[in-house]
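The values are calculated or read from the model by the stated rules, or taken from the named source; none is laboratory data. Note that the structure is a prediction, hence the values are computed from the model and not measured. Note that we place each Cβ from the backbone using ideal geometry, even for glycine, and neighbour counts take in every protein chain shown. Ligands, DNA and RNA are stripped out before the accessible areas are found, and what is left, the full protein with its side chains, is counted by its heavy atoms. Shrake-Rupley method; radii C 1.70, N 1.55, O 1.52, S 1.80 Å.
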Amino acid sequence: MALFGAMVGSFLNVVAYRMPAGTSVVLPPSACPACGHRIRAWENIPILSWIALRGRCSACHGDISPRYPAVEALAAVLAVLAYLHFGWTLRALEASAYLWVLLVLALIDWDTRLLPNRITLPGIGAGLALGALGLLHRDWSLVPLPHAALGALIGYALIWIPDRLYRLVRHRRGFGGGDRKMLALIGAWLGPLAVCDAFALAVCAGAILGGLWAAIRRRQIQSAIPFGPFLAIGGAVVLFFRPRWF
Ligand SMILES: [Zn+2]
């Protein structure tokens, strides 16, 4: 799972780098952004290559961001956590996929303040499809279809309603349009109660970390803080600590 997770993490780096630019995530093969040096196979091994190259391109010796190995390591850790929590089951794979999607959304939102529909909408669809699979056998999905559908609706509404109210009062947007689709995605995968917990956690994490960030920078936050990374944190935590109220 760790090896598989690291390999997926390597792909998530490519998606996060290329999707906002609108280029294909498959072609052309990876190249150094500074000098265009084609990344060879041995330079493309997750985590290890970055360490072996000491974080520098082999051709131009330009810095390679430590974010690449960090994302690969995080994707590996998330997969291992899913395996430890769900065992050797279909659910462990589904949970891993869910966490990887949250990770790539957090990265893209951090970089661009956008949560692409090309990820959120298929993500919601996948959650509902797995819910339908759960109707065949309850161990085949994280939540059954009725919970997935209700979770997606509640996730969407949890951000849409306050955003509407905020706009009525302040005449500008509080949340980005992608946030509600990302929370709908969390609801589609985890159900109606977990999505409420995820939202509450995301708001708390955003208030605490956003406040710290502003204190460190010693100035008012002028630009919008991306909410996606906090939704990802909330959505990941409630996967492992599910409310068992029903
Ligand atoms: Zn280079």
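For region 64-71, state whether one or more residues are surrounded by fewer than 16 Cβ atoms within 10 Å (Cβ to Cβ) and near the ligand (Cβ under 10 Å from one of its atoms).
No, region 64-71 has no match at all.
Anything in region 182-199 that is surrounded by 24 or more Cβ atoms within 10 Å (Cβ to Cβ) and of a type in the set (Asp, Glu)? List them, or say none.
Of everything in region 182-199, nothing turns out to be surrounded by 24 or more Cβ atoms within 10 Å (Cβ to Cβ) and of a type in the set (Asp, Glu).
Would you point out the residue of region 1-32, among those that are touching a residue at least 12 places away in the same chain (Cβ under 8 Å) and over 22 Å from Ala76 (Cβ atoms), that is farthest from the ligand (Cβ to nearest atom)?
The residue in question is Pro20.
If you scan region 12-23, which residues turn out to be surrounded by 12 or more Cβ atoms within 10 Å (Cβ to Cβ) and among the hydrophobic types (A, V, I, L, M, F, W, C)?
Leu12, Val14, Val15, Ala16, Met19
Do you know which residues across region 171-193 are at pLDDT below 95 and hydrophobic (A, V, I, L, M, F, W, C)?
Phe175, Leu193
For (1) in a helix (DSSP H, G or I); (2) in the same structural domain as Ala232 (by TED's automatic domain parsing), each residue gets a yes or a no:
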residue	(1), (2)
Trp50	yes, no
Ser65	no, no
Leu102	yes, yes
Gly127	yes, yes
Gly131	yes, yes
Val143	no, yes
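Consider Leu115 against the criteria (1) over 24 Å from Asn44 (Cα atoms); (2) without any contact (Cβ under 8 Å) to a residue 40 or more places away in the chain: it satisfies all of them except one. Which criterion is unmet?
(2)
Just to check your reading of the model, which residue among Ile108, Ile39 is open to solvent by less than 70 Å² (accessible area, probe 1.4 Å) and within 16 Å of the ligand (Cβ to nearest atom)?
That would be Ile39, the only listed residue that is open to solvent by less than 70 Å² (accessible area, probe 1.4 Å) and within 16 Å of the ligand (Cβ to nearest atom).
What single numbered condition from (1) under 30 Å from Gly176 (Cβ atoms); (2) among the hydrophobic types (A, V, I, L, M, F, W, C); (3) surrounded by 15 or more Cβ atoms within 10 Å (Cβ to Cβ) fails to hold for Val26?
Failing condition for Val26: (3).
Spot the failing condition for Leu115; the list is (1) in a helix (DSSP H, G or I); (2) surrounded by 14 or more Cβ atoms within 10 Å (Cβ to Cβ), and only one is missed.
In the conditions (1) in a helix (DSSP H, G or I); (2) surrounded by 14 or more Cβ atoms within 10 Å (Cβ to Cβ), Leu115 misses (1) alone.
Quick one: in region 52-63, of everything that is open to solvent by 60 Å² or more (accessible area, probe 1.4 Å) and part of a loop (DSSP other than H, G, I, E, B), which residue is farthest from the ligand (Cβ to nearest atom)?
For region 52-63, the residue satisfying everything is Arg54.
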